[in-house]
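These notes are about the structure you will find just below.
The values are calculated or read from the model by the stated rules, or taken from the named source; none is laboratory data. Please read these numbers as outputs of a predicted model, since none were measured by experiment. Every residue, glycine among them, receives a Cβ derived from its backbone with ideal geometry; neighbour counts consider all protein chains shown. In case anyone asks, the SASA skips ligands and DNA or RNA and just uses the protein heavy atoms, side chains included. Shrake-Rupley method; radii C 1.70, N 1.55, O 1.52, S 1.80 Å.
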Amino acid sequence: MPTSLFWVRTDTAGSEHALLDDRNGLTARGQAQAVDPVPWTCRYTLSAAADWSTVRLEVEATGAGWSRGVRLERQPDRWRIVANEQGDLDAALRAVGRPPAGLPGTDDPARLADAVDVDLGGSPLFNTLPVRRLGLLDAAADSRRRIQVAWVLVPSLLVVPAEQTYTALGAGRVGFASDTFRTEIEVDADGYVTRYPGLADRVFPPRVGDPPGGVSG
């Protein structure tokens, strides 16, 4: 039976629901939605190998008058990336005074050659990939690992390389840093995010006796 995880955004109005199977690596499908920079819905399917390295990610983002898609597949020495677009996201962004997003995907997949993990912007699920792959749940406190990821921006679906640092802190906490951004992420015993300060909190199904609406961890 799939595991169901649900997060609410704390930086904007939005949420994410993922269904996953992690008995041998990870297979997951999910849907996220938010209102910033324009209202959008994002659907994804993700496959990771037994060592939690990403094998494939397919994402579709839609909004009023536009839709975009991108597929990333890991090849022996590179990423294969295919993107598509219908409608005009840039027009929707200009209408609310936001800068254009540019084209989805990437024009230079070689820039992503060192990436083992993918990171879908705004999704707490994707932090679990390096946490599990690097063994940070059982690592000594202050164990630090620097990695390259293929970062998929949402809603543009532009794919860019990014350097990230994960640090084991113990007691269900993992340090995360990218460029000048730093935070401490709280995770459960399986490495799934329960609280990402400034981004999202996990919401758990209500137990008998709990008030309606669930409780957040």
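Residue-level analysis places Arg56 outside the set of residues that are touching a residue at least 24 places away in the same chain (Cβ under 8 Å), in a strand (DSSP E or B) and of a type outside the set (A, V, I, L, M).
Which of the residues that make up segment 103-112 are loosely packed, with under 13 Cβ neighbours inside 10 Å and part of a loop (DSSP other than H, G, I, E, B)? Show your work before the answer.
Of segment 103-112, the ones loosely packed, with under 13 Cβ neighbours inside 10 Å are 107-108, 110.
Answer for segment 103-112, where residues must be loosely packed, with under 13 Cβ neighbours inside 10 Å and part of a loop (DSSP other than H, G, I, E, B): Asp107, Asp108.
Within segment 122-138, identify whether any single residue is part of a strand (DSSP E or B), in contact with an Asp or Glu (Cβ under 7 Å, 6 or more places away or on another chain), crowded, with 21+ Cβ neighbours inside 10 Å and on the phi < 0 side of the Ramachandran plot, and answer yes or no. Give the derivation first.
Kept after step one, since they are part of a strand (DSSP E or B), are these residues of segment 122-138: none.
No, that holds for no residue.
Within segment 180-201, the presence of at least one residue that is surrounded by 19 or more Cβ atoms within 10 Å (Cβ to Cβ), within 20 Å of Leu26 (Cβ to Cβ) and small (Gly, Ala, Ser) is confirmed.
Might you let me know whether segment 39-56 holds any residue that is over 27 Å from Gln86 (Cβ atoms) and among the hydroxyl-bearing types (Ser, Thr, Tyr)? Yes, segment 39-56 contains a residue that is over 27 Å from Gln86 (Cβ atoms) and among the hydroxyl-bearing types (Ser, Thr, Tyr).
Considered as a group, the residues in segment 143-160 that are within 14 Å of the chain's Cα centre (by Cα) and in a strand (DSSP E or B) include one that is surrounded by the most Cβ atoms within 10 Å (Cβ to Cβ), and that residue is Val152. For the structure I just gave you, tell me whether Thr12 is within 29 Å of Val203 (Cα to Cα) and exposed (fewer than 13 other Cβ atoms within 10 Å of the Cβ). Yes; evaluated as a whole, the condition is true for this residue. Got at least one residue in segment 28-36 being assigned to a loop (DSSP other than H, G, I, E, B), open to solvent by less than 70 Å² (accessible area, probe 1.4 Å), over 26 Å from Asp88 (Cβ atoms) and not aromatic (Phe, Trp, Tyr)? No, there is no match, as no residue in segment 28-36 is assigned to a loop (DSSP other than H, G, I, E, B), open to solvent by less than 70 Å² (accessible area, probe 1.4 Å), over 26 Å from Asp88 (Cβ atoms) and not aromatic (Phe, Trp, Tyr). Number of residues in segment 161-173 that are in contact with a Leu (Cβ under 7 Å, 6 or more places away or on another chain) and open to solvent by 10 Å² or more (accessible area, probe 1.4 Å): the value is 1. Checking Pro39, Pro2, Pro99 one by one, the residue that is open to solvent by 40 Å² or more (accessible area, probe 1.4 Å), modelled with pLDDT under 95 and not basic (Lys, Arg) is Pro2 and no other. Among the residues making up segment 50-101, those that are basic (Lys, Arg) and under 30 Å from Gly135 (Cβ atoms) are Arg56, Arg71, Arg74, Arg78, Arg80.
Quick one: which of Ser47, Ser15 is within 29 Å of Pro99 (Cβ to Cβ) and either aromatic (Phe, Trp, Tyr) or assigned to a strand (DSSP E or B) (or both)? Going through Ser47, Ser15 in turn, the sole match is Ser15.
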